[in-house]
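The values are calculated or read from the model by the stated rules, or taken from the named source; none is laboratory data. Since this is a predicted model, take the numbers as computed values, not measurements. When we count neighbours, we look across all protein chains shown, and the Cβ atoms used for this are built from the backbone with ideal geometry, even at glycine. Ligands, DNA and RNA are stripped out before the accessible areas are found, and what is left, the full protein with its side chains, is counted by its heavy atoms. Shrake-Rupley method; radii C 1.70, N 1.55, O 1.52, S 1.80 Å.
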Amino acid sequence: MYRQLIIIGIFLLAGTLGSKAQEVHDLDAIDSILVAIDDSLAADTVIPKVEAPEPSIVVNTPPQEAKSLKEMSRWQPDPKRALWLALVIPGGGQIYNRKYWKLPIVYGGFIGCLYAMNWNNTMYKDYSQAYIDLVDKDPNTRSYNLFLHLGTQIDDSNKKYYEDIFRKRKDRFRRWRDLSFFVLLGVYALSVIDAYVDAELSNFDISKDLSLKVEPTILNNRSSSNPLDSSSLGLQCSLNF
């Protein structure tokens, strides 16, 4: 009895497994059919290729970088070149630095010194010749009469007096001539120094925070132990950089 029940159960289990296998087989077949249909559709259908536009690169320059580029585009002279030009050509350093407003000052100083040197040298020669004509024994040499007042004559009574005057004047104009020459050298040296310093400071960065503030304040001079007696009103200056 038990053996027959076991045999019937085995047959039922086998039939169930067979049906399941058949279902799995049918599902695999359906999947293969669907894949074939998809491949045929993909082969017949042409999908147009859409090219994406190239991205445009926009570079936003920061304000500080734009400022630095603007400052770099500004004229920046070379200090050594400005120095050599100023040494070789008077005023050449100012022209190289593009500070043309300084040229009248430089050339005005040169012209003024040259004129003073020439005028003092002329006066020195005239008074020297007058002094020589006055002290020699030749009566025909009387160039000193050009410096005398109208109607004035030189004789033995006033000869010593005019000798001292002519000697002092020729010495004075000689000193002024030499001084004019040294002033000319000073103007030349200042023009060279100005050209070099100006070119050097052209590359110096000055911040916009540079400011001068003046405000009233109370100053304590400590003249008395009483703060009211030792205090005074004044001005306070503060420089920010």
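Some observations on this one:
- Residues satisfying the stated conditions in segment 141-151, i.e. outside any loop (DSSP other than H, G, I, E, B), open to solvent by less than 100 Å² (accessible area, probe 1.4 Å) and among the hydrophobic types (A, V, I, L, M, F, W, C): PHE147
- Test for ARG81: is it at pLDDT 90 or above, assigned to a loop (DSSP other than H, G, I, E, B), in contact with a Phe, Trp or Tyr (Cβ under 9 Å, 6 or more places away or on another chain) and open to solvent by 90 Å² or more (accessible area, probe 1.4 Å): no
- Within segment 106-117, the only residue that satisfies the criterion of being β-branched (Val, Ile, Thr) and buried (at least 16 other Cβ atoms within 10 Å of the Cβ) is VAL106.
- Any hit, segment 118-140, residues being outside any helix (DSSP H, G or I) and either open to solvent by 90 Å² or more (accessible area, probe 1.4 Å) or touching a residue at least 12 places away in the same chain (Cβ under 8 Å) (or both): yes
- Condition met for TYR162 (over 30 Å from LEU85 (Cβ atoms) and either touching a strand residue (DSSP E or B) at 6+ places or on another chain (Cβ under 9 Å) or in a helix (DSSP H, G or I) (or both)): yes
- Residue within segment 91-98 that is modelled with pLDDT under 55 and open to solvent by less than 100 Å² (accessible area, probe 1.4 Å) present: no
- Set side by side, the residues LYS137, LYS170, LYS99, LYS159 differ, and just one is within 29 Å of the chain's Cα centre (by Cα) and not aliphatic (A, V, I, L, M), which is LYS99.
- Taken residue by residue, segment 145-164 has at least one member that is free of Cβ contacts under 8 Å to residues at least 60 places away in the same chain and on the phi > 0 side of the Ramachandran plot.
- Matching residues in segment 152-167 - criterion: being open to solvent by 70 Å² or more (accessible area, probe 1.4 Å) and not acidic (Asp, Glu): GLN153, SER157, LYS160, TYR161, ARG167
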